[in-house]
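Written out below as structure tokens is the structure these notes cover.
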Amino acid sequence: MIPGVSIREVNISKPFDVEAIRQDFPILHQKVNGYPLVYFDNAATSQKPNLVIDAISNYYKLYNSNIHRGLHYMSEKATEAYEAAREKSRAFLNASSTNEINFTKGTTEGINLVASSYGRKFLQPGDEVIISTMEHHSNIVPWQMVCDERGAKLRIIPIDDDGNLLLDEYKKLLNDRTKIVSVVYVSNALGTVNPVKDIITLAHEVGAVVMLDGAQATPHMAVDVQALDCDFLALSSHKIFGPTGMGILYGKERLLEQMNPYQGGGEMIKTVTFEKTTYNELPYKFEAGTPDISGGIAMGVAIDYINSIGYQNIAKHEHDLLVYGTEVLSQIEGLRIIGQAKEKASVISFLVDGIHPYDMGVLLDKQGIAIRTGHHCCQPLMDRFAIPGTCRASFAFYNTTAEIDKLVKGIEKVKTMLG
Ligand code: 7TS
């Protein structure tokens, strides 16, 4: 039991009540620029329920202490709560062991860890790494860096005009030089849900390992790493209603065992002499230094919170928001949706004729509506569509169709203002 936190019972058959859920999120009940806040920037970071906020403050109020090395009461409490979060993370992803759950500071660090510790060790000159056109920069740059260093080649899966990955083109890229495939499960800029199960099966046929960028999948859908058979998966706590500065890297134990540590320091060692250091066991081998203890504990509480609502309920509500939003936004004259893939999460990227996304973002903010504008850290994807950026509305389970109506009205107002 984590001091000061009581978790609601996990009950996915409970009816979904969006107004009750909104009461769990204190930040949603404020006015911005004189209007009730409409928060549609969930793909950048999601809001935090009271339980998560309380878990952080209770840690500092009641048992702030360093973990894994203390014998005193508070250190034991903190260690217990931190390791309980690892078990919750294991169950959340259905990993087979907590040895496969490495705590990181987020998706970016998870991908860098694999590029660095796996890529540097196993890539040879002439080998190939495959990513896709719709990757976030954090799933491009680490691979470019390691490919440059090792003399390997980066190859890119193309997409069609709706934002679907071209599987036939992917098949053509695969060969016996392919060592790593790293793709985004759900695109932050388009909302596309990629057919990752097929991508993984095909990669395994040529002996490549597969890393999934799970940053945008985990807020919306249950992810089962064993059913997918992915080799690595990274996610960020702050996108799954937990705190910033925390994340999970899942890796198959067999692969993690073969990899060198990412960073050296305390915690990741077994013995140190000036002549030689032996490394700690998994998962501590990849966790040098004092971690974000309250962040880990609170991420565990965020996972409990998601479970208490249930992904089935989340997926249904968000699907309704996506369908409704797509329909009403499409009716706005001059509005074009970028990304109309067959499978989509609740993300709508759009452009309005004659209006720069930046102006749209600023003028919606004046009406209390938070969207994101720009390239969304996907510059090569924007180049693919020959656009500088988009306006992006991304929905979470606490959003409502009434809020989408406000967005529509807001866009119409901006159109009138800018003539
Ligand atoms: N991968 C994807 C698909 C993402 O959407 C993001 C963050 C990251 C990786 C990096 O996550 P981090 O937590 O390590 O920073 N995406 C966004 C976004 O769309 N707007 O702001 C951050």
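Quick note: the coordinates plus some simple rules give every number you see, no bench work behind them. These numbers come from a predicted model, not from an experiment. Neighbour counts are summed over all protein chains in view; Cβ atoms, including those assigned to glycine, are modelled from backbone coordinates with ideal geometry.
Remark: the Cα gyration tensor places region 223-376 in the prolate category, a/c being 1.5 or greater and a/b exceeding b/c. The overall shape of region 213-308, judged from the alpha-carbon gyration tensor, is oblate: a/c is not under 1.5, and a/b is no greater than b/c. Each residue of region 412-419 was assigned a 3J(HN,Hα) from its phi angle through the Karplus expression (A = 6.51, B = -1.76, C = 1.60, θ = phi - 60°), giving 4, 5, 4, 4, 5, 4, 8, x Hz with x at Gly and Pro. Sparse packing (at most 11 other Cβ atoms within 10 Å of the Cβ) combined with a DSSP loop state is found for none of the chymotrypsin sites (Phe, Trp or Tyr not before Pro) in region 331-401. How much space per residue, in cubic angstrom, does the convex hull of the C-alpha atoms of the chain take up? Spread over its residues, the Cα hull of the chain gives 143 Å³ apiece. Divide the volume of the convex hull around the Cα atoms of region 1-145 by the residue count and you get 205 Å³ per residue.
Taking a sphere under 14 Å around the Cβ of residue 357 and counting the other residues whose Cβ falls inside, with K and R at +1 and D and E at -1, yields a net charge of 0. Sites listed here are trypsin sites (Lys or Arg not before Pro) in region 71-174 whose DSSP assignment is loop and whose Cβ has at most 10 other Cβ atoms within 10 Å, and the list is empty. The residues packed around residue 75, meaning those with a beta-carbon under 15 Å from its beta-carbon, carry a net charge of -2 if Lys and Arg are +1 and Asp and Glu are -1.
Annotation: peptides 220-227, 266-273, 42-49, ranked by per-residue average of other Cβ atoms within 10 Å with the highest first, follow the order 42-49, 220-227, 266-273. State, to one decimal in nm, how far the label point of residue 198 lies from the label point of residue 356, with both points 7 Å from Cα in the Cβ direction. Calculated label separation equals 4.0 nm. Of the cross-linked pairs 239/415; 77/239; 121/285; 31/413, those separated by over 23 Å at the C-alpha level are 239/415; 77/239. Our coupling estimate for region 221-237, obtained by passing each phi through the Karplus curve with A = 6.51, B = -1.76, C = 1.60 and θ = phi - 60°, is 8, 5, 10, 10, 5, 6, 5, 6, 6, 6, 8, 9, 8, 10, 8, 10, 4 Hz, Gly and Pro reported as x. As a rough guide to protection, the peptides 109-119, 247-257, 374-384, 295-305 ranked by mean Cβ packing within 10 Å, highest first, stand as 295-305, 109-119, 247-257, 374-384. Couplings 3J(HN,Hα) of region 174-179, computed from phi: 6, 7, 6, 8, 5, 10 Hz, in residue order, whole Hz [Karplus 6.51 cos²θ - 1.76 cosθ + 1.60, θ = phi - 60°; x for Gly and Pro]. Under the combined filter of DSSP loop state and at most 14 neighbouring Cβ atoms within 10 Å, region 276-344 retains these trypsin sites (Lys or Arg not before Pro): 276, 342. Out of the DSSP beta bridges found with both residues in the chain, what percent are antiparallel (nearest 5)? Among the beta bridges of the chain, antiparallel pairing accounts for roughly 60 percent.
Would you compute, from DSSP H runs of 4+ residues alone, the mean residue ellipticity of the chain at 222 nm, taking -39500 (n - 2.57) per run and dividing by the full residue count, rounded to the nearest 500?
-10500 deg cm²/dmol
Considering only beta bridges that DSSP places wholly inside region 192-276, some 60 percent are antiparallel. Which of rounded, prolate, oblate describes region 342-419, given a ≥ b ≥ c as roots of the alpha-carbon gyration tensor eigenvalues and a/c under 1.5 marking rounded, otherwise prolate only if a/b is larger than b/c? It comes out oblate by the Cα gyration axes.
Comparing 133, 390, 290 in a Gaussian network model of the chain, where Cα atoms under 10 Å apart are tied by springs, the biggest mean-square fluctuation is seen for 290.
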